[in-house]
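Nothing in this text is a laboratory measurement; each read-out follows from the coordinates by a stated rule. On a predicted model such as this, the values are computed, not experimentally measured, just so you know. Backbone-built Cβ (ideal geometry, glycine too); neighbour counts: all protein chains shown.
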Amino acid sequence: MISVYYFGAISLVLIGLYAVLVKKNVLKILIGLSIMESGVNLLLVSVGYIAGRSAPILSEGVGPNNAVDPIPQALVLTAIVIGVATTALALSAAIILYEKYGTLNIEEIRRLRG
């Protein structure tokens, strides 16, 4: 049986993919990329989740047999930091595009370039 988390992750990725492929505004495309990134992060966390186990923090009663794998959690934390940095870089590029062309519409930018 597919988990609700997998369904949510796949839904987020598909919504983001739709925005990236269909929308013409640069900011809407960046929002779509962020939504896709959230879906991938949710997928990675849900793959590492095991029902009935606790977080891998050293304390009484938590041992290697009843803790979840910390690797997916660490990967997602790293992915979040990298995602924030790339989103900030893409937003700064969008600001430069707007200052140069006066629009964020991709088709209008192509027309003005050519």
Pairs, first in contact (Cβ under 8 Å) with a residue 12 or more places away in the chain and within 26 Å of E37 (Cβ to Cβ) in segment 87-113, second part of a helix (DSSP H, G or I) and of a type in the set (A, V, I, L, M, F, W, C), C-beta under 6 Å, six or more apart: A90/L30; A94/V26; L104/V26; L104/L27
All positions within segment 11-30 that are polar (S, T, N, Q) and more than 26 Å from S46 (Cα to Cα): N25
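Hand me the list of helices (runs of 4 or more DSSP H) wholly inside segment 11-114 holding 3 or more residues that are crowded, with 16+ Cβ neighbours inside 10 Å.
Result: 26-48, 70-101.
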